[in-house]
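Chemist: Provided herewith is a single structure, encoded as structure tokens, for subsequent inquiry.
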């Protein structure tokens, strides 16, 4: 049974035993960990990971950058290099050779709930290498301040070393390192005997293992049921998050974690990018009714397919029934948050000309919602703002376009009027309203900030000239956009052949548009860097140009949340530029 | 020390002649740099000793604007600031300028006029207008006071601040007319209520429309007015000119310059002010010759001036960094200055900052100590692009005594008592921690000494 002592994670260890006879060769390292292990991770080929990172062509490009060359001249980096050289000299090999020798066949780590101990099993090239490794580690400890704390002992004929709280033993080509004697003995028993109940025999672990993808760089498993049953994280498993933003982001996942038996994570690092895949068993009936807004009825909610746009910076496609969430806020949140909801509801109802915000406004939209942000091309526009902000838009579908189009048009006109009255009181620029009817029943309502007489040709105008708030309708399609050009582009773009994506949520950030956006604001970023970091213009330029260069090495970053076939999957990907 | 009231005025304003008692040494150079700008790095002080004090001041006076490359850098910063529309960013931008300007005297004078023609962004709330006023102050900082007064009278930020945005003939607003006489040009007792009322009539029709000055001839009182005994159909410009023509105008400005550059107190006697006032008038109210005379004078290097001013928060923060070739987060520093009562673009009232002893109270003393601590602990603060210890080492500081001597030269107007030096040295030696930590602690202690608060 797991006890509450997260501090057991602290402090690593050292102890070494050399023995020629081992009962266990090959197979998953999970078979050496006790069945009470609640968290387990393995890195089967550390060399490959190191090679992927340090032999990547990107490394050479980064090293050729001036800021990198400057950084390696700093005293901090030099100190680090001195320390590294010292250790490399001590081991008589480079750090990469050390990894190749001492961890050639993988590293695994586990946290045992029964002992609150952490153990690491490092499998090296051969027994001789591991003996050398142990000897060098003990020498290093003697060299430092730990010489008084080095002790040795024996367990079943195997000599072990203890340095402070860490224990270290070698058996064959494996080194076992742990902070807990009982856990260390349990692992050594399995290594010597080659038998005994182990994590590898646990049904939940076996189920998780069977779903493991091939070719992963690292894989991890967490026994969620054991943690839940132990009561160590009761607060986490409460059904209420009480934060509207977090609720929208992870509310459904929280419900699943309250029931799921385990979670797995797979990490992959390749020459083209990095990926992290977190998966867990999931059943739709685990999600309570008040959270149906998240995955939709029967968990079938899918994000909408979005039309293509130029210079797309970010897209988010999701299924969230905002109206349902708003109206069910009493079940989802605590009293304090609900008070805020009540205030917001009253204000927004006034803002939307007396229409009930939750029921009439949010309720008029279908739950498939898209968000698009694009680089705002202002090269032909005057006045042109100094700070360039991306254009962004919400893409939705109306439930009753026949009645809602007219309603929303009127609300938009009222809003513009309201903003003009408030703006006039504060000396702000006024918005000019316009309406266009395009082919195919497309309606475009736009508003544009009117510049002062002297600012009409300005190329250093205020930030508001990034915006021309607009809405657009085409059948049941509805777009709310920060600029009229994006509203026009989205409403007139050819519609995707599929109406929905495969996932509940998908978000993609594209690096090329991000780089262009940063470049558009280069002067602003340089100025901000000068003021914030006290840099000279030259230093600030170097820093910002480095940022732009590094962003240019990436292609995109994406995250998806999918639920299908009894599983819930969250996947993060970072793709490098080709 | 001779009493100020009985001082030989000719000697006081004559060119400083170094003597055995008051030599032209590093300490004197440090004093001159602090008064004319900010505390300066040791090498600058050493270089200054190659010339006479008069030559040093002459060089400073010859440069009335920054070089093109620096102005371009600042222009880029200004555009970025205006792009955000954030008034608070203005303060940071000015802090950056003060820290990096190649012409410290110009910034010092701009700050002087900012305190003189005090206008707060808290009321104006418009970055563009505040920046335009700041440019105006800098443009005329060492120039023609008459022109500066005429232009500041039509400056939209000033007009908004003093409620003269819409000055109509039916209801003349006397606010600006009163301040121009009392605070900007003449001082109390040198005008009558009638003069204020009549000047306010002259200024009618002066409005701010779309953030620009506009003369509305329909709202201007075209009738006959009498200001300081002069009668006629006087315009606003005529009214301001009549104020400038008053004999008390150069007296008032010269008095303020003496207080700013020479000593907080006592107030300079009339006999000491008169020669400078006469010089101002002879030079058609051009500021530079008078400033030059003050900075080159025997009085400035005398016991009446040395250590007779309290370091303002700006002198404290900017001077600390400039002397140690430091750079830092300008936002954080500008916020610290505001907390110490000298928020740039945020003077407390139309009277500006009182200065002198008002900089020091139980709360600000702690704040001043914290400012230095924050500066040296802030990871963004670098000294000559290095850590504090590396920079000091490069400056030849190899021991605690070196450190104390180095700081005494750069920052202290009056000597540090020897027992205090001993205590700091003992503290340094007995402290645990790395050299970096102990050095920071010693610097912090030095900068919290009562002697450090004097300039």
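Chemist: Return yes or no: is residue B:366 in a helix (DSSP H, G or I), over 18 Å from the mean Cα position of the chain (by Cα) and closer than 15 Å to residue B:310 by Cβ?
Modeler: In short, no.
Chemist: Across the range B:83-95, what is the number of residues that are under 14 Å from residue B:125 (Cβ atoms) and at pLDDT 85 or above?
Modeler: Final tally of qualifying residues: 3.
Chemist: Checking residue A:188 against (1) out of contact with any helix residue (DSSP H, G or I) (no Cβ under 7 Å at 6 or more places or on another chain); (2) buried (at least 17 other Cβ atoms within 10 Å of the Cβ); (3) outside any helix (DSSP H, G or I), which single condition isn't satisfied?
Modeler: (3)
This table checks each residue for (1) closer than 23 Å to residue B:329 by Cβ; (2) free of Cβ contacts under 8 Å to residues at least 24 places away in the same chain; (3) within 12 Å of another protein chain (Cβ to nearest Cβ); (4) buried (at least 21 other Cβ atoms within 10 Å of the Cβ).
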{"position": "B:77", "(1), (2), (3), (4)": "yes, yes, yes, yes"}
{"position": "B:81", "(1), (2), (3), (4)": "yes, no, yes, yes"}
{"position": "B:89", "(1), (2), (3), (4)": "yes, no, yes, yes"}
{"position": "B:94", "(1), (2), (3), (4)": "yes, no, yes, yes"}
{"position": "B:102", "(1), (2), (3), (4)": "yes, no, no, no"}
{"position": "B:105", "(1), (2), (3), (4)": "no, no, no, yes"}
{"position": "B:112", "(1), (2), (3), (4)": "no, no, no, no"}
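Chemist: Report, by residue number, each residue of the range B:253-296 that is out of contact with any helix residue (DSSP H, G or I) (no Cβ under 7 Å at 6 or more places or on another chain), surrounded by fewer than 20 Cβ atoms within 10 Å (Cβ to Cβ) and within 20 Å of residue B:36 (Cβ to Cβ).
Modeler: B:259, B:286
Chemist: May I pose another question? With respect to residue A:154, determine if the residue is more than 14 Å from chain B (Cβ to nearest Cβ), over 30 Å from residue A:222 (Cα atoms) and not in a helix (DSSP H, G or I).
Modeler: It is true that residue A:154 is more than 14 Å from chain B (Cβ to nearest Cβ), over 30 Å from residue A:222 (Cα atoms) and not in a helix (DSSP H, G or I).
Chemist: Tell me the residue from A:276, A:313 that is under 23 Å from the mean Cα position of the chain (by Cα) and buried (at least 19 other Cβ atoms within 10 Å of the Cβ), please.
Modeler: Sole residue among the options that is under 23 Å from the mean Cα position of the chain (by Cα) and buried (at least 19 other Cβ atoms within 10 Å of the Cβ): A:313.
Chemist: Any residue in the range A:519-547 that is more than 10 Å from chain B (Cβ to nearest Cβ) and touching a residue at least 24 places away in the same chain (Cβ under 8 Å) sitting within a Cβ distance under 7 Å of a residue that is surrounded by fewer than 17 Cβ atoms within 10 Å (Cβ to Cβ) and outside any helix (DSSP H, G or I)? List the pairs, counting only those 6 or more apart or interchain.
Modeler: The qualifying pairs are A:546/A:65.
Chemist: If a residue counts only when it is away from every other protein chain (no Cβ under 14 Å) and free of Cβ contacts under 8 Å to residues at least 40 places away in the same chain, which strands (runs of 3 or more DSSP E) contained entirely in the range B:198-242 have at least 2 such residues?
Modeler: Output list reads B:225-227, B:230-232.
Chemist: Would you confirm whether or not the range A:383-394 contains a residue that is out of contact with any helix residue (DSSP H, G or I) (no Cβ under 8 Å at 6 or more places or on another chain), closer than 20 Å to residue A:476 by Cα and in a strand (DSSP E or B)?
Modeler: yes
Chemist: I would also like to ask the following. Condition test on residue B:435, is it surrounded by fewer than 18 Cβ atoms within 10 Å (Cβ to Cβ), within 14 Å of another protein chain (Cβ to nearest Cβ), touching a residue at least 24 places away in the same chain (Cβ under 8 Å) and over 23 Å from the mean Cα position of the chain (by Cα)?
Modeler: Considered against the rule, which asks whether it is surrounded by fewer than 18 Cβ atoms within 10 Å (Cβ to Cβ), within 14 Å of another protein chain (Cβ to nearest Cβ), touching a residue at least 24 places away in the same chain (Cβ under 8 Å) and over 23 Å from the mean Cα position of the chain (by Cα), residue B:435 comes out as yes.
Chemist: Determine if the range A:257-271 includes at least one residue that is under 24 Å from residue A:40 (Cβ atoms) and part of a helix (DSSP H, G or I).
Modeler: Checked against the condition, which is being under 24 Å from residue A:40 (Cβ atoms) and part of a helix (DSSP H, G or I), the range A:257-271 yields at least one hit.
Chemist: Let me ask you something else. Which count do you get for residues in the range A:209-230 that are without any contact (Cβ under 8 Å) to a residue 12 or more places away in the chain and either closer than 18 Å to residue A:333 by Cα or part of a loop (DSSP other than H, G, I, E, B) (or both)?
Modeler: Total meeting the criteria: 1.
Chemist: Restricting attention to the range B:386-417, and to residues there that are surrounded by 14 or more Cβ atoms within 10 Å (Cβ to Cβ) and part of a loop (DSSP other than H, G, I, E, B), which single residue is modelled with the lowest pLDDT?
Modeler: The qualifying residue modelled with the lowest pLDDT is B:387.
Chemist: Filter the range A:427-443 for residues that are touching a helix residue (DSSP H, G or I) at 6+ places or on another chain (Cβ under 6 Å) and in a strand (DSSP E or B); which is farthest from residue A:479 (Cα to Cα)?
Modeler: Filtering first and then ranking leaves A:431.
Chemist: Kindly list the number of the only condition in (1) within 14 Å of another protein chain (Cβ to nearest Cβ); (2) surrounded by fewer than 16 Cβ atoms within 10 Å (Cβ to Cβ) that fails for residue A:496.
Modeler: Among (1) within 14 Å of another protein chain (Cβ to nearest Cβ); (2) surrounded by fewer than 16 Cβ atoms within 10 Å (Cβ to Cβ), residue A:496 violates only (1).
Chemist: If you take the residues of the range A:370-386 that are surrounded by fewer than 20 Cβ atoms within 10 Å (Cβ to Cβ) and touching a residue at least 60 places away in the same chain (Cβ under 8 Å), which of them is nearest to residue A:504 (Cα to Cα)?
Modeler: Among them, the one singled out is A:377.
Chemist: Please specify each residue of the range B:317-333 satisfying the condition of being within 12 Å of chain A (Cβ to nearest Cβ) and part of a loop (DSSP other than H, G, I, E, B).
Modeler: Residues satisfying the conditions are B:325, B:328, B:329.
Chemist: Go through (1) in contact (Cβ under 8 Å) with a residue 24 or more places away in the chain; (2) out of contact with any helix residue (DSSP H, G or I) (no Cβ under 8 Å at 6 or more places or on another chain); (3) not in a helix (DSSP H, G or I) for residue B:19 and report which single condition fails.
Modeler: Result: residue B:19 passes all but (1).
Chemist: If you take the residues in the range B:114-142 that are within 14 Å of chain A (Cβ to nearest Cβ) and either on the phi > 0 side of the Ramachandran plot or outside any helix (DSSP H, G or I) (or both), which one is surrounded by the most Cβ atoms within 10 Å (Cβ to Cβ)?
Modeler: Restricting to residues being within 14 Å of chain A (Cβ to nearest Cβ) and either on the phi > 0 side of the Ramachandran plot or outside any helix (DSSP H, G or I) (or both), the top hit is B:126.
Chemist: Since residue B:420 meets every condition but one in (1) part of a helix (DSSP H, G or I); (2) closer than 30 Å to residue B:259 by Cβ; (3) away from every other protein chain (no Cβ under 14 Å); (4) within 27 Å of the chain's Cα centre (by Cα), which condition does it not meet?
Modeler: Here residue B:420 clears every test but (4).
Chemist: A follow-up question, please. Anything in the range A:478-492 that is more than 31 Å from the chain's Cα centre (by Cα) and in contact (Cβ under 8 Å) with a residue 60 or more places away in the chain? List them, or say none.
Modeler: A:485
Chemist: For the range A:424-474, give me the residue count where each residue is without any contact (Cβ under 8 Å) to a residue 40 or more places away in the chain, under 21 Å from residue A:389 (Cβ atoms) and within 14 Å of chain B (Cβ to nearest Cβ).
Modeler: Qualifying residue count, the range A:424-474: 7.
Chemist: Continuing with this model, one more query. Does residue A:568 qualify as being more than 9 Å from chain B (Cβ to nearest Cβ), buried (at least 19 other Cβ atoms within 10 Å of the Cβ) and part of a strand (DSSP E or B)?
Modeler: Answer is yes for this residue.
Chemist: Considering only the range A:454-480, how many residues are farther than 17 Å from residue A:437 by Cβ and not in a loop (DSSP other than H, G, I, E, B)?
Modeler: The total comes to 8.
Chemist: Of (1) under 23 Å from residue B:454 (Cβ atoms); (2) without any contact (Cβ under 8 Å) to a residue 24 or more places away in the chain; (3) not in a helix (DSSP H, G or I), residue B:44 satisfies all except one. Which?
Modeler: It is condition (3) that residue B:44 fails.
The values are calculated or read from the model by the stated rules, or taken from the named source; none is laboratory data. Computed from a predicted structure; not experimentally measured. When we count neighbours, we look across all protein chains shown, and the Cβ atoms used for this are built from the backbone with ideal geometry, even at glycine.
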